[in-house]
Amino acid sequence: MDNYGNKLVFVGGMGAGKTTAIRAISDTEPVSTDMPLSSDATEEKSLTTVALDYSSVDLDEGELLHVYGVPGQKYLNFMWPMVCTGAIGIIVLVNACQDDAVDSTAELLKDFGVLAPDASFVVGVTKSDLAPDFQLTTFRDALNASGYQAPVMKVDARVTTQVEFLIKTLLSYQHAGSQLAQVHAV
């Protein structure tokens, strides 16, 4: 029997790889709300998600894992509470080439931590191959210093096995009963 409690939500800024990751793991063609970017868009990205992506993954015994992707832009945050209700996990994707990667990731962790307090979180860093100066441990340590403790790993959103590993890490964290740990400074 389907259970919408089997819900994962991918979040992140524009170009982080949410739609790509969902396509990589989907058993069916995802429903997408991609729209063309303005004429000043970068050559590497011509579309952006303006509401959400949705797909499903078949699990054992006929259950479905419902997978959603929501844009990280604040002006589209009206979708976030509706999609996050009942989510067991939030996957935050961040583009390693982004100048403000730590701050924007910490902000997403904060916002979605409020919207989905019972969910587990994992951070996937995409496009690290295009950012030779990116250091995963430095990034993770900066998130920890900002008060957020969650698994952080590099991922190629185009590679099914890497996205599946990211999800398995999140689900292992969820199974262990771990939610986003936010450390409050004293």
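The values are calculated or read from the model by the stated rules, or taken from the named source; none is laboratory data. Note that the structure is a prediction, hence the values are computed from the model and not measured. Neighbour counts run over all protein chains shown; Cβ positions are idealised from the backbone, glycine included. For accessibility, only protein heavy atoms count, side chains too; no ligands or nucleic acids. Shrake-Rupley method; radii C 1.70, N 1.55, O 1.52, S 1.80 Å.
A few remarks follow.
- Each peptide among 91-97, 70-76 gets the average number of other Cβ atoms lying within 10 Å of its residues, and from highest to lowest they stand as 91-97, 70-76.
- Amide H contacts of Val152 (H built 1.01 Å from N, under 5 Å, at least 5 apart or other chain): Val123
- The HN-Hα couplings worked out from phi for the range 145-157 by the Karplus form 6.51 cos²θ - 1.76 cosθ + 1.60 (θ = phi - 60°) are 5, 7, x, 10, 10, 8, x, 10, 8, 6, 8, 9, 5 Hz, whole numbers, x standing for Gly and Pro.
- Per-residue SASA remark: Tyr68, around 40 Å² accessible (1.4 Å probe; ligands, DNA and RNA not included).
- Semi-axes of the equivalent ellipsoid for the range 138-177, Cα gyration tensor, largest first, Å: 21, 15, 5
- Compared with the rule-of-thumb size 2.2 N^0.38 Å for a compact globular protein, the range 66-153 has a Cα radius of gyration ratio of 1.07.
- Among 9-16, 155-162, the peptide with the highest mean count of other Cβ atoms within 10 Å heads the list, and the full ranking is 9-16, 155-162.
- Estimated vicinal HN-Hα couplings, Hz - the range 54-69 in sequence order (Karplus 6.51, -1.76, 1.60; Gly, Pro = x): 9, 7, 9, 10, 6, 9, 4, 6, x, 6, 10, 9, 8, 10, 10, x
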